[in-house]
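See structure below.
The values are calculated or read from the model by the stated rules, or taken from the named source; none is laboratory data. Note that the coordinates shown come from a computational prediction; the quantities given were computed from them, not determined experimentally. Cβ: placed from backbone, ideal geometry, glycine included. Neighbour counts: every protein chain shown.
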Amino acid sequence: MREAVGAAIPLAGVGCAIGRQPLARLASLSNGNPFAGSSMTEDYEMGLRLGALGLKTMFVRIPERPGDRGVVASRGHFPATIGEAVRQKARWLGGIALAGWDRLGWTGGLGERWMRMRDRRGPLAGLLLLAAYAAAFLWSQIWVAEALGAPIHARLDPTLTTLLTINAWLLAWRIAMRAMFTASAYGLGEGLLSIPRVVVGNVIAMLAAARAVGLHLGGGAKRWDKTRHIFPAEFRS
């Protein structure tokens, strides 16, 4: 989608490749240092910096071997504990949505600006998720009380009902796509597990947003908060 609207593709750490000439061009603009050592998400920034120079960035999906279903990809698992996962995602949110706003600003065409807005919505999304789960919990209490005979009636505005219905269908579509693509790469079991993991991901997103904003308001992260990654046994050397 980013390519289709003319936006630069952010790089993704170990899952990326860079040509020698673009790397040299970045180095020439930064006293011989192509990498932004002070950034918490230097890979993300590099992709956008390359795009700002008019250089081509793209998302590539190629098989490991001709005819194989497996693709060239980073095999590292996301951190398995809540604490490590929150630290990892908070670093992404802080580096992209908060520090990235300060460091890169808003440049490029309409497509580029739109994608930067999507990239930087993380803290706001965390706040909206918190509000949504709180609202769902409160409404569930009203419905339970009504079912138990309490003299109350839960009423929703027709416009709100329409919006909620549309959002519910869009959410169902997104979850179905998530499950389908996960199953195609990792099997049916993992595809089905991706559905309840939506809630787990939302919890991590809310906690990470709070951590990222707290670090940013406190002057930013004092060091690169690296988290430990575990790789599947078949890929260990």
Six or more apart or on different chains, Cβ atoms under 9 Å: show the pairs whose first residue is in segment 143-170 and in the same structural domain as Y133 (by TED's automatic domain parsing) and whose second is of a type outside the set (A, V, I, L, M, F, W, C) and in a loop (DSSP other than H, G, I, E, B). E146/H153
Quick count over segment 5-30, residues being of a type in the set (A, V, I, L, M) and in contact with an Asp or Glu (Cβ under 9 Å, 6 or more places away or on another chain), is 7
If you go through segment 45-57 one residue at a time, do you hit one that is in a loop (DSSP other than H, G, I, E, B) and touching a Leu at 6+ places or on another chain (Cβ under 7 Å)? yes
Exposed (fewer than 11 other Cβ atoms within 10 Å of the Cβ), within 19 Å of the chain's Cα centre (by Cα), more than 30 Å from R75 (Cβ to Cβ) and not small (G, A, S): does that describe L170? yes
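This table checks each residue for (1) touching a helix residue (DSSP H, G or I) at 6+ places or on another chain (Cβ under 9 Å); (2) modelled with pLDDT of 90 or more.
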{"position": "F181", "(1), (2)": "yes, no"}
{"position": "S184", "(1), (2)": "yes, no"}
{"position": "E190", "(1), (2)": "yes, no"}
{"position": "P196", "(1), (2)": "no, yes"}
{"position": "W224", "(1), (2)": "yes, no"}
{"position": "I230", "(1), (2)": "no, no"}
{"position": "A233", "(1), (2)": "no, no"}
{"position": "S237", "(1), (2)": "no, no"}
Answer yes if at least one residue in segment 72-82 is surrounded by fewer than 18 Cβ atoms within 10 Å (Cβ to Cβ), outside any loop (DSSP other than H, G, I, E, B) and free of Cβ contacts under 8 Å to residues at least 60 places away in the same chain, and no otherwise. no
Return yes when G37 is loosely packed, with under 12 Cβ neighbours inside 10 Å, under 28 Å from T182 (Cβ atoms) and not assigned by TED's automatic domain parsing to the domain that holds A209 and no when it is not. no
In segment 44-77, which residue that is among the charged types (D, E, K, R) and modelled with pLDDT under 85 is nearest to A90 (Cα to Cα)? R75
Suppose we filter L217, L156, L163 for residues that are modelled with pLDDT under 90 and within 30 Å of W101 (Cβ to Cβ); which single one remains? L217
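So if I check each of A24, A90, A97, which one is surrounded by fewer than 20 Cβ atoms within 10 Å (Cβ to Cβ), in a helix (DSSP H, G or I), modelled with pLDDT of 85 or more and on the phi < 0 side of the Ramachandran plot?
Values: A90 fails: surrounded by fewer than 20 Cβ atoms within 10 Å (Cβ to Cβ); A97 fails: surrounded by fewer than 20 Cβ atoms within 10 Å (Cβ to Cβ).
Selected residue: A24, the only one of A24, A90, A97 that is surrounded by fewer than 20 Cβ atoms within 10 Å (Cβ to Cβ), in a helix (DSSP H, G or I), modelled with pLDDT of 85 or more and on the phi < 0 side of the Ramachandran plot.
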Which condition does L104 not pass, out of (1) surrounded by 13 or more Cβ atoms within 10 Å (Cβ to Cβ); (2) of a type outside the set (V, I, T); (3) within 25 Å of V203 (Cα to Cα), if it passes all the others? (3)
